[in-house]
Structures are given as C-alpha cells and as structure tokens.
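Everything on this sheet refers to the single structure shown next.
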Amino acid sequence: MNGAARKIRLVMELRKSGVGDTKVLSALERVPREIFVPEPFVDQAYENTALPIGQGQTISQPLVVALMTQALEVGDRMKVLEVGTGSGYQTVVLAKLCRRVYTVERFKALLLEAEQKFRTLAVSNITAITGDGSRGWPEQAPFDRILVTAAAEKMPATLFAQLAEGGVMVLPIGLPGSDQEVQRIRKKDGHPLVERLFPVRFVPLVAGDLPVGN
Ligand code: SAH
C-alpha cells in the first residue's frame, strides 16, 4: 500500500473512532506525518500508533491528536498555546486551524528539529520556544485555547490563569505510568468547568528547568 492509500485508511479509521469534525480530519489529511517520525519508523507514519522521537519522548497516536484537537473546538481567529511541542506534528495540525500557535518544549534538541519542519512545510503562524511550559507563556496570555500534550498530576493553575474567559483547555491528567484521562476545562466566570473525556497514556509534564546543555 502506498503512502496516500495508507493516509486515507487512517483518516477512515479516525472517522469510525469518533472524529466527526471535518475541519479536524482535513487538517490531519493535510499534514504529512511521515516528516515528523524518525527515519526507521517512516513506514509506520500512517499507522494509528505513537512512535519514539528521541529524548525518551513520543509523537502522539493520530487518534489521540485528532480527538484532543476536536475537543479543543479551535476557531480560525484564535490564539492557541501548546505545551509539549515534541515532534511538532500536533503543532502544525493546530496551525492549520487557528490564527497563531505559541508552543513550548522542554528539550531544545526536539524544538530545533520541530522548527526545521515548520520551515520545510512553510508554516508561518507558529512561535516556538524552549522552556518549562507548565509556566505557560505569560507575555502572550491570555489564550483562547490551551492544549497540553504531556500528563499533569492535576490541573496546572498557572495555565488556567492564562486562559481567556470562555476559553477551553484540553489536557491529560494523571500519574505517569498509570491510567490518565483527557479532560476539557472551560473557563466560565473565572471558574473551571471540567469534563472527563477519554483514557490515554502520555509522557509526564515535567516542571522545572533542564540541566544546561539539554
Ligand atoms: N504533541 C507532541 C507530543 C510529544 S510528547 C507530538 O505529537 O509530537 C510530550 C512532550 O512534552 C515531550 O516532547 C516533552 O519533552 C514535553 N514536555 C514535558 N514537560 C514539559 C514542560 N514542562 N514544558 C514543555 N514541554 C514539556
């Protein structure tokens, strides 16, 4: 099966698994996942699985990317914060759906690789930095939407504070290695309204700085 056929099969699988939002499906169709996976795994780029990307991190499973993006209810005028750039795949999917994505990654090596991909794909509405994304990006706040792609033990209050009124934050919550769930949190009159969406397994959101050189 060639790349195009594999991609169509994957999109059909996502649709069957509950991704009904055609804008989200079309964004996934337009982002070439094969450039975000390391060389030895290129054959599996359109399999519905997470894959290693170095530094002990993973590019998320396509179904999880699709369901989390759909849950975020992104609009084309919105300013979005993403925490955990990783490969940059989810970042580009978001960039197709909103006005600008601000993305933060803890590992400089991963961020440099992701930025190279943004240039290759000529995506110009992404601003990326290395740092501790659990602190958010205060200079750019408030955000209409916040997506966290690493698991926090509880809702990070700092991120919620940077969410605009009426805004939505989607994130995995739970302890590393145990069952986690994706939650959608809306800011209503300054207070969080929490919905529990589906079970997942993510790498942990690690607060604090990395040692110099990483
Ligand atoms: N959306 C990414 C998922 C990568 S895995 C993709 O599909 O490729 C989660 C990423 O979050 C990892 O790259 C990890 O280094 C990063 N991360 C974990 N804690 C972080 C923090 N406090 N700030 C920024 N990035 C963090």
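Can you tell me how many residues within region 1-53 are within 14 Å of Leu67 (Cβ to Cβ) and among the acidic types (Asp, Glu)?
2
With (1) within 14 Å of the ligand (Cβ to nearest atom); (2) more than 27 Å from Gly75 (Cα to Cα) as the list, and Leu175 as the residue in question, which single condition is left unmet?
Tallying (1) within 14 Å of the ligand (Cβ to nearest atom); (2) more than 27 Å from Gly75 (Cα to Cα), Leu175 fails exactly one: (1).
Could you say whether any residue in region 193-203 is closer than 22 Å to Val65 by Cβ, within 16 Å of the ligand (Cβ to nearest atom), of a type outside the set (D, E, K, R) and loosely packed, with under 15 Cβ neighbours inside 10 Å?
No, there is no match, as no residue in region 193-203 is closer than 22 Å to Val65 by Cβ, within 16 Å of the ligand (Cβ to nearest atom), of a type outside the set (D, E, K, R) and loosely packed, with under 15 Cβ neighbours inside 10 Å.
Evaluate region 87-104: report whether one residue or more is within 26 Å of Phe41 (Cα to Cα), open to solvent by 20 Å² or more (accessible area, probe 1.4 Å), in contact with a Leu (Cβ under 7 Å, 6 or more places away or on another chain) and not in a strand (DSSP E or B). Break it down stepwise before answering.
Quick first cut of region 87-104, residues within 26 Å of Phe41 (Cα to Cα) only: 87-96, 103-104.
Filter once more, so that each one left must be open to solvent by 20 Å² or more (accessible area, probe 1.4 Å): 96.
Remaining after also requiring in contact with a Leu (Cβ under 7 Å, 6 or more places away or on another chain): none.
There is no residue in region 87-104 that is within 26 Å of Phe41 (Cα to Cα), open to solvent by 20 Å² or more (accessible area, probe 1.4 Å), in contact with a Leu (Cβ under 7 Å, 6 or more places away or on another chain) and not in a strand (DSSP E or B).
Within the set of pairs 6+ apart or on separate chains, which have a first residue in region 185-209 that is in a strand (DSSP E or B), a second that is more than 16 Å from the ligand (Cβ to nearest atom) and of a type in the set (Ser, Thr, Tyr), and C-beta atoms under 8 Å apart?
Qualifying pairs under 8 Å: none.
Of all the residues that make up region 93-147, how many are among the aliphatic types (A, V, I, L, M) and more than 21 Å from Thr58 (Cα to Cα)? Explain how you work it out, then say what you get.
Applying the first criterion (among the aliphatic types (A, V, I, L, M)) to region 93-147 yields 93-95, 97, 101, 104, 109-112, 114, 121-123, 126, 128-129, 141, 146-147.
Going one step further and asking which of them are more than 21 Å from Thr58 (Cα to Cα), we end up with 97, 122-123, 141.
Qualifying residue count for the region: 4.
Among the residues in region 38-48, are any open to solvent by less than 10 Å² (accessible area, probe 1.4 Å) and out of contact with any Lys or Arg (no Cβ under 6 Å at 6 or more places or on another chain)?
No: region 38-48 contains no residue that is open to solvent by less than 10 Å² (accessible area, probe 1.4 Å) and out of contact with any Lys or Arg (no Cβ under 6 Å at 6 or more places or on another chain).
Please specify each residue of region 159-180 satisfying the condition of being part of a strand (DSSP E or B) and under 19 Å from Arg145 (Cβ atoms).
First, the residues of region 159-180 that are part of a strand (DSSP E or B): 163-173, 180.
Those that are part of a strand (DSSP E or B) and under 19 Å from Arg145 (Cβ atoms): Leu163, Ala164, Glu165, Gly166, Gly167, Val168, Met169, Val170, Leu171, Pro172, Ile173.
Find the residue count for region 114-151, including only residues that are of a type in the set (A, V, I, L, M), assigned to a strand (DSSP E or B) and either more than 14 Å from the ligand (Cβ to nearest atom) or at pLDDT below 95 (or both).
0
For region 76-92, indicate whether the set of residues that are within 12 Å of the ligand (Cβ to nearest atom), charged (D, E, K, R) and free of Cβ contacts under 8 Å to residues at least 40 places away in the same chain is non-empty. Walk me through how you get there before you give the answer.
Narrowing region 76-92 to residues within 12 Å of the ligand (Cβ to nearest atom): 81-92.
Filter once more, so that each one left must be charged (D, E, K, R): 82.
Applying the additional criterion that residues be free of Cβ contacts under 8 Å to residues at least 40 places away in the same chain yields none.
Within region 76-92, none of the residues are within 12 Å of the ligand (Cβ to nearest atom), charged (D, E, K, R) and free of Cβ contacts under 8 Å to residues at least 40 places away in the same chain.
The values are calculated or read from the model by the stated rules, or taken from the named source; none is laboratory data. From a predicted model like this one, the values you see are computed outputs, not experimental measurements. Using ideal geometry, Cβ is built from the backbone for each residue, glycine included, and neighbour counts are taken over all protein chains shown. The accessibility values were calculated without ligands, DNA or RNA, using every heavy atom of the protein model including side chains. Shrake-Rupley method; radii C 1.70, N 1.55, O 1.52, S 1.80 Å.
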